[in-house]
Amino acid sequence: MGNRHDRRRRRYLWEPYADTLTGGPTDDEVFGQAGNDKIDGRGGDDVLSGSKGDDLIVGGVGEDTAYYWSAPLGVTASLATGRAVAPAWGTDRLSGIEDLDGSNSDYADRLTEDGGTNWIRGFSGPDVISGGGGPDILEGGKGNDKLDGGRGTDNGDGGSGKDACRRIERKRHCELKR
């Protein structure tokens with residue numbers, strides 16, 4: 001997996017209504033606003049965010065990220081169930097998404113992967129990040145995080161704070177054992 005911020009992307013920002021938002025064949029950033037949006041990244045490695053509302057977020061071809069950085073409270077998201085709940089924002093349905101970016105709030109995110117190859121980042125707060133069967137990259141960020149790699153061969157970085165890492169083969173900043 002490469003650094004998803006090293007390429008030029010087209011950025012789409014939309015109106016605060018229920019919109020159907022569609023990316024192009026290359027790497028895009030598609031950000032909905034308030035309203036129950038349908039967001040389809042199509043081709044490329046896309047970063048997709050619905051913001052407020054109950055959104056359908058579809059990744060398409062490429063390595064796609066459901067992005068919850070701006071969520072005001074902690075997010076509970078599972079790629080395995082295809083569901084993300086962001087209090088004060090709504091409940092999103094996820095399809096064709098490989099990667100998750102949690103909130104940058106000081107509240108706890110609970111982020112779970114789907115058994116494939118995933119990159120999951122918690123950013124701020126005491127996050128709980130769970131891997132599964134695939135080779136994953138799990139990043140806690142600021143806060144006292146709990147990372148569990150699952151069955152695959154995983155990379156984990158707890159970030160700052162007192163972090164616990166379990167079943168992670170290559171780890172950094174993991175001070176506690178659980």
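The values are calculated or read from the model by the stated rules, or taken from the named source; none is laboratory data. It should be emphasised that the depicted structure is a prediction, and the values quoted were computed from it without experimental measurement. Cβ: placed from backbone, ideal geometry, glycine included. Neighbour counts: every protein chain shown. We work out accessible area using only protein heavy atoms, side chains counted, and drop any ligands, DNA or RNA first. Shrake-Rupley method; radii C 1.70, N 1.55, O 1.52, S 1.80 Å.
Descriptive notes on the structure:
- Loop-located GluC sites (Glu not before Pro) in region 106-178 whose Cβ has at most 12 other Cβ within 10 Å (DSSP): Glu169, Glu175
- Dipole moment magnitude, nearest 20 debye, the chain about Cα centre, only Lys, Arg, Asp, Glu C-beta charged: 500
- Largest GNM mean-square fluctuation among Ala66, Ala18, Ala77, using the chain with Cα springs under 10 Å: Ala18.
- For Gly115, the residues 5 or more places off, or on other chains, whose built amide H falls under 5 Å of its own are Gly132, Gly133, Gly134.
- Relative contact order of the chain: 11 percent, from C-alpha pairs under 8 Å at least 6 residues apart in sequence.
- Pairs of lysines in the chain (C-alpha under 19 Å apart; 8 or more residues apart or interchain): 9
- Separation of the Trp69 and Arg93 label points, Cα + 7 Å toward Cβ, nm: 2.8
- Contact order normalised by residue count of region 87-156, Cα under 8 Å, 6+ apart, percent: 24
- Accessible-area composition of region 62-174, carbon plus sulfur, in percent [1.4 Å probe]: 48
- Tensor-based shape of region 74-141 (alpha-carbon gyration tensor, a/c under 1.5 rounded, otherwise prolate or oblate): oblate
- Take every Cα pair under 8 Å whose residues are at least 6 apart in sequence, average their separation, divide by the length of region 71-111, and the relative contact order is 50 percent.
- Ratio Rg/Rh, restricted to region 52-178 and using Cα atoms, in which Rh is the Kirkwood radius: 0.96
- Per residue accessible area in Å² of region 106-178, where ligands, DNA and RNA are left out and the probe is 1.4 Å: 49
- Cleavage-rule hits, trypsin sites (Lys or Arg not before Pro), region 24-89, DSSP coil, Cβ neighbours within 10 Å at most 12: none
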